[in-house]
């Protein structure tokens, strides 16, 4: 996925100077992203448009050039909050989308410009997210992991590799009469209904329906939504994104009131089967806290953990921020959130998510 090395951010390279330009819209990155093997869907500048339209968060596109040639890029999103602090992130809501650069000089120039932008915007920090360590000299967090499962071409081969308990749970969902619908933007509202309830029950704010519609609109070719129904009830749902590196599920939800139906197991089987049939080499289950309930759910499919490395540019005397929902200082707020009516969660949640990353 998103790779690099510590040397990319540390060693200068002799040669023509690298200049970095900053803009807020339409950077000319298509050709560069197309030829950089480390580029992922999350380096696509369309994410900036999504986040600006959904939440009013301003994108900054940093483009490193040597002469006329682009030699590196970095997307950053500015999020301002009185409660959580002002910061720049690449990329909010996702696991890895840090600096892409052809050499150390380009990476260093982008890093320097990110620091300058932090000062200009009076941000408290810059967060650069990677799936591999890239800058030993920068403070970092490694408490989160993602879980990945290599995929065969044949879904039958994948099925045979599952533990018998997993196969039995999938079969039970089928016997219960769970049906799965797959599609695009037309399923966003159905997905969002069960997603909002799930997030409320977890004590976390949800994204807005507008956000999901914008993602499905701007990334129509990459997006796939899955909705599980039991009769007229929507009992589980998910939203996947696929690029050349694999298929990911950033958002999945299931209604705990129907947990005995195993609908979520059937949704995941359809996602995995579809990823195999679509030629994805890897399925990324998304980030979790090690040994949490969601971590164990993902591990049962045979997925292996991959530590995430989030690096920070900080001002003098600054410290790595901790605005995780499992931070003890938010325990009371999380408990209160779980008791809110769904209508209130739907209204207030996106306003909070706009400030979180």
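Figures for the structure shown
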read-out: Fewest-first ranking of 255, 284, 132, 291, using other Cβ atoms within 10 Å as the exposure measure; value: 291, 132, 255, 284
read-out: All-pairs Cα distance distribution in the chain, expressed in whole percent, bin size 20 Å; value: 29, 58, 13, 0
read-out: Shape call, region 217-346: gyration tensor on alpha carbons, a/c limit 1.5; value: oblate
read-out: Within the chain, helix-based [θ] at 222 nm, where runs of 4 or more DSSP H residues each add -39,500 (n - 2.57), nearest 500; value: -10000 deg cm²/dmol
read-out: Fewest-first sequence of 211, 162, 239 by Cβ atoms within 10 Å of each Cβ; value: 162, 211, 239
read-out: GNM top mover of 298, 144, 165 - the chain, alpha-carbon springs below 10 Å; value: 165
read-out: Helix 46-55 vs. the chain, principal-axis angle (Cα, 0 to 90°, nearest 10); value: 70
read-out: Value of D in µm² per second that Stokes-Einstein yields for region 127-229, Kirkwood Rh from Cα pairs, at 10 °C (1.306 mPa s); value: 90
read-out: Likely footprinting exposure, 115, 197, fewest C-beta neighbours within 10 Å first; value: 115, 197
read-out: Taking all pairs of distinct alpha-carbon atoms in region 27-97, Kirkwood radius in angstrom; value: 13.0
read-out: Relative contact order computed over region 149-306 (Cα-Cα under 8 Å; 6+ residues apart), in percent; value: 31
read-out: Rounded to 10°, Cα long-axis angle of helix 188-202 versus longest principal axis of the chain; value: 90
read-out: Estimated Rh, region 148-200: Kirkwood, alpha-carbon pairs, angstrom; value: 14.0
read-out: The chain, relative contact order [Cα under 8 Å, separation at least 6], %; value: 22
read-out: For region 149-306, diffusion coefficient by Stokes-Einstein and Kirkwood Rh (Cα), 25 °C, 0.890 mPa s, µm²/s; value: 155
read-out: Alpha carbon Rg of region 71-155, scaled by the compact-globule rule 2.2 N^0.38 Å; value: 1.28
read-out: C-alpha long axis of helix 209-218 to longest principal axis of the chain, angle in °; value: 70
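Just so you know, all these numbers are worked out from the coordinates, no wet-lab data involved. Everything quoted here is computed from the prediction, not taken from an experiment. Ideal geometry is used to build each Cβ from the backbone, glycine not excepted, and the neighbour counts take in all protein chains shown.
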